[in-house]
Amino acid sequence: MSARAGIGYDLHRLVDGRPLVLGGVEIEGDGRGLEGHSDADVLTHAVIDALLGAAGLGDIGQHFPETDERYRDADSMLLLSQVCTFLEDHRWTIRHADATVICQRPKLAPYRDEMRLSLAKTMGLQPLEVNVKFTTNEGLGVMGRGEAIAVTAIATVDRA
Ligand code: MG
């Protein structure tokens, strides 16, 4: 049995007039959302990079380039689904993912279970095999000032 872990990190800028989508869940907020070529789901992007890292299969920018018009406003959950299939094709079984969302506002805790279920379902995992945590940045730096949301993630995969 070969088991491996991978890490992922992503950050997107918060701007006016965009929906805020995290883990495939639309968050009711103050009208500010994440800027990006796709739907800018920073949580899903970090999980994708953790999965690709664990499998040794590159990174999200390689697989879904920002220059590719097919991914404009793309639903990141579809990208996650494609990455899971890609890992399966390489005989990797996804075992778990864990992420920390660094966000000053809005409050995300009410969405915890929904995000977890959404990610788990897309990854073919049980809800307890996906964990999503939240922290503020104590008012400091770009996250603390509410200018961006960042996410760190880890994922584990194995194969016989
Ligand atoms: Mg991203």
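Which one, Val157, Ala97, Thr135, projects farthest toward the positive side of the charge dipole computed for region 52-160 from Cβ point charges (K/R +1, D/E -1)? About the Cα centre, the residue reaching furthest to the positive side is Thr135. Take Ser38: with every protein chain present and a 1.4 Å probe, its accessible area is about 10 Å². Can you give me the distance in nm between label points at Lys121 and Glu26, each placed 7 Å from the Cα along the Cα-to-Cβ direction? Going by the 7 Å Cα→Cβ label model, 1.5 nm. Using a Förster distance of 41 Å, how high is the FRET efficiency between Arg159 and Asp75, based on the Cβ-Cβ distance and rounded to 0.05? Efficiency computed from Cβ-Cβ geometry: 0.90. With the helix formula -39500 (n - 2.57) applied to DSSP H stretches of n ≥ 4, the chain reaches a computed 222 nm mean residue ellipticity of -8500 deg cm²/dmol. Rounded to the nearest 20, the size of the Cβ-charge dipole of the chain about its Cα centre is 460 debye, with Lys and Arg at +1 and Asp and Glu at -1.
Taking the chain as a Gaussian network of alpha-carbon nodes connected by springs under 10 Å, the highest mean-square fluctuation of the residues Val101, Val47, Val15 belongs to Val15.
Give me the percent of DSSP beta bridges within region 1-154 that run antiparallel, rounded to the nearest 5. Walk me through the numbers on the way to the answer.
Working: 18 of 24 bridges.
Expressed as a percentage, antiparallel bridges in region 1-154 total about 75.
Under the simplified labelling scheme, the Thr135-Thr93 pair shows an inter-label distance of 3.2 nm, with each label point 7 Å from Cα along Cα→Cβ. Cα centroids of region 1-73 and region 84-112: 10 Å apart.
The values are calculated or read from the model by the stated rules, or taken from the named source; none is laboratory data. Remember, predicted model here, so these are calculated numbers, not experimental data. Ideal geometry is used to build each Cβ from the backbone, glycine not excepted, and the neighbour counts take in all protein chains shown. Quick note on the areas: whole protein, heavy atoms, side chains included, nothing else; ligands and nucleic acids left out. Shrake-Rupley method; radii C 1.70, N 1.55, O 1.52, S 1.80 Å.
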